[in-house]
Amino acid sequence: MTSGATYLDDIVAWHRRRAASDDRDPAVLRRDALRSVPRESDRFVDALRRAPGLAVIAEVKRRSPSKGDIAIDLDAGALAEEYARGGAACVSVLTDTPHFGGAPADLAAARSAGVPILRKDFTVDERDVLDARLMGADAVLLIVAALGDHEMRRFMEVAAEMRLAALVEVHDETELGRALAAGATLVGVNQRDLRSFAVDTQRAERLGGLMPAGVVAVAESGITSADDARRCAQAGYRAVLVGEHLVRATDRAKALSELRVALPS
């Protein structure tokens with residue numbers, strides 16, 4: 001990490017440099033992406049809504065900028081299939097290579113599990129959204145802290161055109177307000193501060209009560225037990241996104257099934 005910069009600053013700066021050097025024509029990329037748009041839409045959100053209890057989005061994660069290697073040699077396809085056996089509603093795949101050790105090939109491999117896939121990456125350019133469609137993802141991540149309001153709205157529009165769900169990630173009340181003002185209906189609350197990478201386990205509970213009716217809320221990071229999952233369910237979340245805890249588990253399917261707690265009646 002460069003002096004004076006946060007993890008998020010460095011990662012987003014890298015992705016913006018990469019986007020600036022990308023000489024692909026967005027119009028050509030859009031044309032190609034439109035050819036692969038499925039007839040079925042809302043597959044990702046539908047899977048979360050249909051889950052019989054708290055839905056789990058299980059993550060394929062090789063490494064972390066703050067913790068280093070987690071499972072650098074994992075088989076993304078085999079891991080996704082383990083998750084599916086444990087009852088995962090969806091699978092999240094990190095495709096960022098320099099910071100998380102992921103790759104588009106991991107997403108392609110994870111599709112073998114047959115569940116909806118989130119491309120988890122640092123979206124900073126329209127072409128990132130189009131690439132998610134070309135990779136075969138069902139959803140794309142938009143991090144409010146990394147985007148201006150105009151960018152966020154534009155990327156949400158492109159995602160809708162490509163029939164991709166947009167998981168809009170927030171970290172505090174101000175970011176939640178921005179996400180809702182942009183029209184987000186699938187909102188993730190990341191308990192991990194992407195500037196320091198510290199986890200605040202009370203953040204999801206604090207922001208859960210501010211979600212309007214109709215928004216599908218997802219709690220992210222710091223969820224390591226059934227008790228954590230129950231707290232999220234009680235706070236109004238429909239789903240949790242869990243990575244490191246599941247990747248490190250000896251029996252991943254069992255660890256995942258334990259998070260699928262009942263929703264409050």
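Bear in mind these aren't lab numbers, they're just calculated from the coordinates by the rules spelled out. Computed from a prediction, not measured in an experiment: that's the story for all the values here. We place every Cβ from the backbone using ideal geometry, glycine too, and count neighbours over all the protein chains shown.
If packing is taken as the average count of other Cβ atoms within 10 Å, what order do 241-253, 205-217 fall into, highest mean first?
241-253, 205-217
Can you put Ser92, Ser41, Ser21, Ser64 in order, fewest other beta carbons within 10 Å first?
By the 10 Å Cβ count, ascending: Ser21, Ser41, Ser64, Ser92.
Could you tell me which of rounded, prolate or oblate describes the chain, using a ≥ b ≥ c as the square roots of the eigenvalues of the alpha-carbon gyration tensor, with rounded for a/c under 1.5 and, failing that, prolate when a/b is larger than b/c and oblate otherwise?
Here the chain falls in the rounded category.
Starting at the first residue of segment 59-73, write each ³J(HN,Hα) from the Karplus equation 6.51 cos²θ - 1.76 cosθ + 1.60 with θ = phi - 60°, in whole Hz, x for Gly and Pro.
Couplings: 9, 8, 9, 8, 8, 9, x, 8, 10, x, 5, 10, 7, 4, 9 Hz.
Is any residue of segment 237-256 close enough, with backbone N under 12 Å, to a label point placed 7 angstrom from the Cα of Arg85 along the Cα-Cβ axis, and if so, which?
The answer is 251-255.
I want to check the label-to-label distance for Glu40 and Ala160. Put each point 7 Å from Cα in the C-beta direction and report it in nm to one decimal.
The two pseudo-label positions are separated by 2.3 nm.
Between Thr201 and Asp149, what is the FRET efficiency for a Förster distance of 30 Å, r being their Cβ-Cβ separation, to the nearest 0.05?
Numbers: r = 29 Å, r/R0 = 0.96.
Computed FRET efficiency for Thr201 and Asp149 comes out at 0.55.
Extension gain Asp10-Arg230, at 0.36 nm per residue separation less the Cα-Cα distance, in nm?
75.8 nm is the gain from fully extending Asp10 to Arg230.
Compare the peptides 176-182, 100-106 by average per-residue count of other Cβ atoms within 10 angstrom and give them in order, highest first.
Per-residue Cβ counts within 10 Å, averaged per peptide and sorted highest first, yield 100-106, 176-182.
Could you tell me which of rounded, prolate or oblate describes segment 1-65, using a ≥ b ≥ c as the square roots of the eigenvalues of the alpha-carbon gyration tensor, with rounded for a/c under 1.5 and, failing that, prolate when a/b is larger than b/c and oblate otherwise? Kindly include the intermediate steps, with their values, before the conclusion.
Numbers: a/c = 3.64, a/b = 1.22, b/c = 2.99.
Oblate is the answer for segment 1-65, as a/c is 1.5 or above yet b/c matches or exceeds a/b.
Step through the residues of segment 100-108 one at a time and calculate ³J(HN,Hα) from phi using the Karplus curve (6.51 cos²θ - 1.76 cosθ + 1.60, θ = phi - 60°), rounding each to whole Hz and writing x for Gly and Pro.
The phi angles translate into 10, x, x, 6, x, 4, 5, 5, 4 Hz.
What order, most packed first, do the peptides 232-238, 23-29, 144-150 have when packing is the mean number of other Cβ atoms within 10 Å of each residue?
232-238, 144-150, 23-29
Cut-off under 17 Å on the C-alpha distance; same-chain residues fewer than 8 positions from Lys254 excluded. Which aspartates and glutamates are left, in chain and number order?
By straight Cα distance, Lys254 reaches Glu59, Glu81, Glu82, Asp227, Asp228, Glu244.
In whole Å, what is the distance between the alpha-carbon centres of segment 133-187 and segment 200-254?
For segment 133-187 versus segment 200-254, the Cα centre distance is 19 Å.
With each pseudo-label sitting 7 Å past Cα toward Cβ, what's the Thr97-Asp251 distance in nm, one decimal?
Label at Thr97, label at Asp251, 3.8 nm between them.
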